[in-house]
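Q: Structure provided below as structure tokens; questions to follow.
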Amino acid sequence: MISIRHATSADSAAARSLVQTILVGEFGSPSSRSSFQDLEDVTDAYGGARDLFLVAEKDGDIIGTIAIKEDSQETALLRRIFIHKDHRGKGYGDTLLSEALEFCAGQGYESVIFRGTDRMKTAIKLCATRGFEEDDVACLGDLTMVIMSKEL
């Protein structure tokens, strides 16, 4: 059984470890301090009235994350969609995304934007199944940035 809850400052280290492990280990993304600055203290980085950082917890361990950051009055940024590899395919990502989208609707956002690289196939597929549409693709060297949006 998992629980989805608002992250606390005490969750920051575990959330950062999860995200860093996935980005570096699975995607080969560089590990620089600035890449994870928002995870130093998630309650500070996502502490705005229209921001959100959720964690999925199972047996006392953080196994998933998702975040919402206000981009503008009308638009939210969907960030940090990560599920530990041992817990994928069980609907946890969909549960996190549902909670995040419900939060966005409750905050009066008109749309949600997700930006990810083409290596984040599972997150892109999850967003697509929840009604996100591809808006743009940008080549960044050996990576391709995919930008998707969903109207609420």
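The values are calculated or read from the model by the stated rules, or taken from the named source; none is laboratory data. Because the structure is a prediction, the values reported are computed rather than measured. Note that we place each Cβ from the backbone using ideal geometry, even for glycine, and neighbour counts take in every protein chain shown. When the accessible area is computed, the model is the full protein with side chains, heavy atoms only, and any ligands, DNA or RNA have been set aside. Shrake-Rupley method; radii C 1.70, N 1.55, O 1.52, S 1.80 Å.
Q: Under a Cβ-only charge scheme (Lys and Arg +1, Asp and Glu -1), can you give me the dipole magnitude of the chain about the Cα centre, in debye to the nearest 20?
A: Dipole magnitude for the chain comes out near 460 debye.
Q: Over the chain, with every protein chain in place, what whole percent of the accessible area is carbon and sulfur at 1.4 Å, could you tell me?
A: 48
Q: What share of the DSSP beta bridges in the chain is antiparallel, in percent to the nearest 5?
A: 90
Q: How would the chain be classified by its alpha-carbon gyration tensor: rounded, prolate or oblate, with rounded meaning a/c under 1.5 and the a/b versus b/c comparison settling the rest?
A: It comes out rounded by the Cα gyration axes.
Q: Right, next: Suppose each label sits 7 Å from its Cα in the direction of the beta carbon; what would the ARG115-ALA49 distance come out to in nanometres?
A: Modelled inter-label distance: 2.6 nm.
Q: Any chance you could run the full-extension gain for ILE147 through ALA105? It's 0.36 nm times the residue separation minus the Cα-Cα distance, nm to one decimal.
A: 13.1 nm is the gain from fully extending ILE147 to ALA105.
Q: Oh, and also: Could you give each residue of the range 114-123 its phi-based ³J(HN,Hα) in whole Hz, using Karplus coefficients 6.51, -1.76, 1.60 with θ = phi - 60°, and x for Gly or Pro?
A: 10, 10, x, 8, 4, 6, 8, 4, 5, 5
Q: For LYS121, give me every one of the lysines with a C-alpha distance below 17 angstrom, ignoring sequence neighbours fewer than eight places off in its own chain.
A: Answer for LYS121, where 17 Å is the Cα cut-off: LYS85, LYS90, listed by chain and number.
Q: Under 16 Å Cα to Cα from LYS125, which aspartates and glutamates show up? Leave out anything in the same chain fewer than 8 places away.
A: Reachable aspartates and glutamates: ASP94, GLU133, GLU134, ASP135, ASP136.
Q: Counting only the backbone N, which residues of the range 125-152 are under 11 Å from the spot 7 Å out from the Cα of ASP94 toward its beta-carbon?
A: Counting backbone N atoms under 11 Å from the label point, the list is 126, 129-130.
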